[in-house]
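Written below as structure tokens is the structure these notes are about.
Computed from the coordinates by the stated procedures, all read-outs in this text should not be read as laboratory data. Fair warning: this is a prediction, and the values are worked out from it, not measured in the lab. Note: ideal-geometry Cβ built from the backbone for every residue, glycine included; neighbour counts use all protein chains shown.
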Ligand code: ADP
Ligand code: ZN
């Protein structure tokens with residue numbers, strides 16, 4: 001029996017038997033001229049959704065993507081399949097640009113990748129108009145579309161201006177793609193890109209073969225990291241927060257007898273290429289990287305994704321941990337965190353924002369508040385007693401039952417009611433507002449027994465529950481929120497195990 005025409009072109013151009021879940025409706029909508037928002041988990045095959053329409057129509061699809069490395073990667077993958085694709089970025093020389101333009105007008109290009117800042121350039125405008133005039137522009141695609149939203153975990157100001165694409169190419173369908181997009185982010189994407197009655201294709205971020213574990217990081221986690229690597233199958237991906245710690249960890253692991261390679265954006269292109277190749281080709285590579293690594297990396301048998309710090313958000317974490325087990329086989333996701341991580345991450349984010357031009361500062365302040373909120377949420381997942389997967393998915397707006405595979409599901413903790421201690425702590429703050437966490441914990445330990453770290457933990461827990469607010473200068477001064485005040489008048493049970 002012959003396949004339908006769409007499946008046939010999938011087979012002919014890509015050699016794959018059938019569509020993966022979620023792909024076909026998007027391809028069909030684009031071919032019918034309809035806008036789309038496709039929220040498909042990492043590894044689901046989002047790129048195909050905009051690549052195939054170009055081939056079916058013998059036309060051009062223009063793709064906006066945030067990273068040059070990512071674009072070049074996709075371009076070379078397409079070229080390897082004999083599909084004409086190119087990438088327009090700042091680094092291109094005059095001659096190369098002219099050549100590209102010629103291929104475009106003579107319809108010898110199926111996919112053209114653009115960096116977001118190029119999308120506003122006059123030259124790009126002309127290119128798009130030429131493609132429009134010849135009637136060959138099949139669709140526009142905005143990849144990693146969550147970058148447009150200040151609610152997202154990876155906001156990029158350049159993406160804000162992509163709304164103009166719509167006016168530039170009326171009548172050409174636009175598809176926005178992302179791996180994780182909470183409801184507010186989805187709404188931002190639709191509004192800011194001016195999608196018209198889009199087909200919204202959302203598939204769960206739930207990954208039935210991944211099991212999450214989140215643990216306090218011991219003073220020196222080396223032994224624990226080595227043990228986790230030892231138990232993992234296939235490739236291992238380790239995320240550290242700074243370039244310096246990436247290098248230190250790669251060196252420490254290697255010294256401990258585990259061959260580990262570093263990867264971060266500060267390395268020269270050649271070493272990066274080497275690291276990437278090692279990761280793709282070695283039978284069981286161990287790669288230590290910053291979160292900059294991974295977008296577009298496609299190794300199916302990653303058996304362990306290990307975070308050495310608290311991730312910055314649930315959305316980001318789902319994307320990073322989602323690089324494990326793409327082959328569908330069981331894989332582990334381990335986070336080693338410390339209570340100080342939230343404070344130091346918050347600091348790093350604030351100082352990054354201080355270099356921005358004045359007109360972006362207000363947006364930046366808004367973004368920082370959201371970033372702090374996301375940090376509190378992911379810390380609540382890490383310190384919480386409930387199912388990890390359920391809590392992570394809830395944080396990105398998805399309801400699901402407990403997974404039955406994570407550390408918390410497997411250990412079925414016995415809960416204590418912290419209501420009494422919480423009231424003690426809250427009224428201490430009511431008496432004296434603005435105390436710092438450490439001295440408060442010290443005093444409470446002296447006055448009421450229980451160790452100091454336990455009170456510090458409870459204070460953080462109450463910050464996560466938003467009963468207390470915390471100064472954002474890193475000094476961890478604590479203030480009672482209005483909810484905390486009403487808690488004192490009329491408390492409710494706080495059942496946590498610790
Ligand atoms: P995403 O962007 O959603 O993370 P990609 O577009 O990078 O995912 O695709 C992930 C992998 O799946 C790639 O290796 C791609 O070639 C492969 N792939 C995509 N669609 C199909 C399909 N229908 N059948 C088999 N493999 C596919
Ligand atoms: Zn669980």
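Hey, with R₀ at 30 Å, roughly what FRET efficiency would residue 108 and residue 270 work out to, going by the Cβ-Cβ distance, to 0.05? If you can, show how the numbers build up before the last one.
Numbers: r = 31 Å, r/R0 = 1.04.
That gives a FRET efficiency of 0.45.
Once both labels are modelled 7 Å past Cα along the beta-carbon direction, what's the residue 488-residue 407 spacing in nm?
Label at residue 488, label at residue 407, 3.5 nm between them.
For the pair residue 133 and residue 223, what calculated FRET efficiency results from E = 1/(1 + (r/R0)^6), where r is the Cβ-Cβ distance and R0 = 56 Å, to the nearest 0.05?
0.30
Indicate the gyration tensor shape class of the stretch 26-166 (rounded, prolate or oblate), computed on the Cα atoms with a ≥ b ≥ c the square roots of the eigenvalues: a/c under 1.5 is rounded; otherwise a/b larger than b/c is prolate and the rest oblate. Write down the numbers at each step before the final one.
Details: a/c = 1.41, a/b = 1.17, b/c = 1.20.
Rounded, since a/c falls under 1.5.
If I stretch the segment between residue 8 and residue 448 completely, what's the gain in nm (0.36 nm per residue apart, minus their alpha carbon distance), one decimal?
Values: separation 440, 0.36 × 440 = 158.40 nm, distance 7.28 nm.
Residue separation times 0.36 nm, minus the Cα-Cα distance, leaves 151.1 nm.
Between residue 248 and residue 99, what is 0.36 nm times their sequence separation minus the Cα-Cα distance? Round to one decimal in nm.
On the way: separation 149, 0.36 × 149 = 53.64 nm, distance 4.44 nm.
Contour length minus Cα-Cα distance gives 49.2 nm.
Within 10 Å of each residue's Cβ, count the other Cβ atoms and sort 362, 168, 70 from fewest upward. It would help to have the intermediate numbers written out before the result.
Working: 362 9, 168 15, 70 18.
If I rank by nearby Cβ atoms, fewest first, I get 362, 168, 70.
Using the count of nearby Cβ atoms within 10 Å as a rough guide to exposure, how do 89, 264, 153, 13 rank from fewest to most? Please list the in-between numbers first.
On the way: 89 13, 264 22, 153 26, 13 19.
In order of increasing Cβ crowding within 10 Å: 89, 13, 264, 153.
Taking a ≥ b ≥ c as the square roots of the Cα gyration tensor eigenvalues, with a/c under 1.5 meaning rounded and otherwise prolate when a/b beats b/c, else oblate, which class fits the stretch 363-498? Mind showing how you got there, number by number?
Details: a/c = 1.93, a/b = 1.26, b/c = 1.54.
Verdict is oblate for the stretch 363-498.
Can you tell me the length gained on complete extension of the stretch residue 351 to residue 433, counting 0.36 nm per residue apart and subtracting the Cα distance? Numbers along the way, then the final one.
Numbers: separation 82, 0.36 × 82 = 29.52 nm, distance 2.67 nm.
My answer for the length gained is 26.9 nm.
Could you give the nm distance between label points at residue 475 and residue 399, where each point is 7 Å from its Cα heading toward the beta carbon?
Between residue 475 and residue 399, the label points sit 4.4 nm apart.
Taking the beta-carbon count within 10 Å as an exposure proxy, list 242, 213, 180 from fewest neighbours to most. Please report the intermediate quantities before stating the final value.
Values: 242 13, 213 17, 180 27.
Lowest count first: 242, 213, 180.
Relative to the longest principal axis of the chain, what angle (0 to 90°, nearest 10) does the C-alpha long axis of helix 419-431 take?
For helix 419-431, the angle is close to 90 degrees.
Could you list the residues of the stretch 298-327 with an amide nitrogen less than 12 Å from a label point located 7 Å from the Cα of residue 77 in the Cα-to-C-beta direction?
298-300, by backbone N distance to the label point.
Suppose R0 equals 35 Å; then what is the FRET efficiency for residue 362 and residue 167 from their Cβ-Cβ distance, rounded to the nearest 0.05? Mind dumping the intermediate values first?
Numbers: r = 25 Å, r/R0 = 0.72.
Efficiency computed from Cβ-Cβ geometry: 0.90.
Listed highest first by mean packing, meaning other Cβ atoms within 10 Å per residue, what order do 103-110, 44-51, 139-146, 182-189 come in? Working shown, then result.
Working: 103-110: 16.6, 44-51: 22.1, 139-146: 27.0, 182-189: 19.5.
Per-residue mean Cβ counts within 10 Å order the peptides as 139-146, 44-51, 182-189, 103-110.
Report the Cα-based extents of the stretch 96-238 along its three principal axes, largest first, to the nearest Å.
On the principal axes, the stretch 96-238 reaches 62, 36, 27 Å in Cα extent.
When the Cα centres of the stretch 16-33 and the stretch 65-98 are compared, how far apart do they sit, in Å?
Computed from Cα coordinates, the inter-centre distance equals 24 Å.
Working from Cα positions, state the angle (0 to 90°, nearest 10) between the long axis of helix 46-57 and the longest principal axis of the chain.
Between helix and principal axis, roughly 10 degrees.
With each run of n ≥ 4 DSSP H residues scored as -39500 (n - 2.57), what mean residue ellipticity at 222 nm is computed for the chain after dividing by its residue count and rounding to the nearest 500 deg cm²/dmol? Working shown, then result.
Working: 21 runs with 227 residues, N = 498.
Helix-only estimate at 222 nm: -13500 deg cm²/dmol.
Would you mind giving the three semi-axes, in whole Å and largest first, of the ellipsoid equivalent to the chain according to its Cα gyration tensor?
Output for the chain: semi-axes of 44, 26, 22 Å.
Working from Cα positions, state the angle (0 to 90°, nearest 10) between the long axis of helix 94-105 and the longest principal axis of the chain.
70 degrees
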